[in-house]
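Below is one structure, written out as structure tokens; comments come after it.
The values are calculated or read from the model by the stated rules, or taken from the named source; none is laboratory data. Everything quoted here is computed from the prediction, not taken from an experiment. Don't worry about glycine lacking a Cβ; one is built from the backbone with ideal geometry, like all the others, and counts go over all protein chains shown.
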Amino acid sequence: MTPADTPEATPAWRLLAHPLRSRIVAHLRLHGGATATELAQALGTHTGATSYHVRVLAGAGLVEDTGLGNAKTRVWALAEADDDGDDLATANLGDDDGMGAWLAHDYVDHFAEKTHAWIDDREAWEPVWQDEAGLQDALVLVSEEQLAALRAELSEVVARYRRIGAGTPGARRVTAYTALLPVDPR
């Protein structure tokens with residue numbers, strides 16, 4: 001393995017362009033720390049394979065050992081820098097082997113699964129959650145610079161709300177997906 005092939009030198013999105021690795025990161029983001037055995041059980045995989053992929057993610061700094069385990073097991077969590085979520089917009093997805101495109105499609109599939117689950121479970125939630133959570137779309141007309149500003153502003157709003165509900169009775173975690181997609185043909 002050359003230095004350029006090591007996990008540390010590989011862009012994060014390329015490491016996540018593997019079904020199990022992307023699901024490990026998604027699970028840790030949603031549920032918090034877990035051992036490789038717990039991850040394997042939750043994801044329906046083998047412990048050995050899961051452990052290997054967790055170590056690859058750790059080598060790249062995407063997950064880290066929390067120090068909460070014992071001599072035989074490690075508890076893994078997302079590294080602080082990755083806790084903000086996936087940013088496929090800034091990744092160079094024009095790769096030769098299709099991994100970037102696969103990751104982008106997997107991300108959208110994951111978003112669709114979560115959206116379908118919300119639609120199916122919506123009626124079980126309190127009325128205010130039913131009214132305020134869900135999907136919204138809007139068409140905007142922007143230049144390239146305005147698109148960048150819009151993206152930055154949306155990211156800033158989400159960042160402000162990331163932990164604003166901590167300690168608030170009744171606060172629940174929600175996922176905010178951002179998709180700014182051109183409509184007009186090139």
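Here are some notes:
- Residue list for the stretch 25-81, restricted to those being surrounded by 13 or more Cβ atoms within 10 Å (Cβ to Cβ), among the charged types (D, E, K, R) and closer than 26 Å to T175 by Cα: R29, E38, E64, D65
- Residue check for D109: part of a loop (DSSP other than H, G, I, E, B) and modelled with pLDDT under 90: no
- Consider the stretch 66-81 and keep the residues that are more than 13 Å from V54 (Cβ to Cβ) and not small (G, A, S). The one that is modelled with the lowest pLDDT is E80.
- Matching residues in the stretch 114-131 - criterion: being surrounded by 10 or more Cβ atoms within 10 Å (Cβ to Cβ) and part of a helix (DSSP H, G or I): K114, T115, H116, A117, W118, I119, R122, W129, Q130
- Applying the condition of being of a type in the set (V, I, T) and not in a loop (DSSP other than H, G, I, E, B) to the stretch 132-172 and asking which residue is surrounded by the fewest Cβ atoms within 10 Å (Cβ to Cβ) yields V157.
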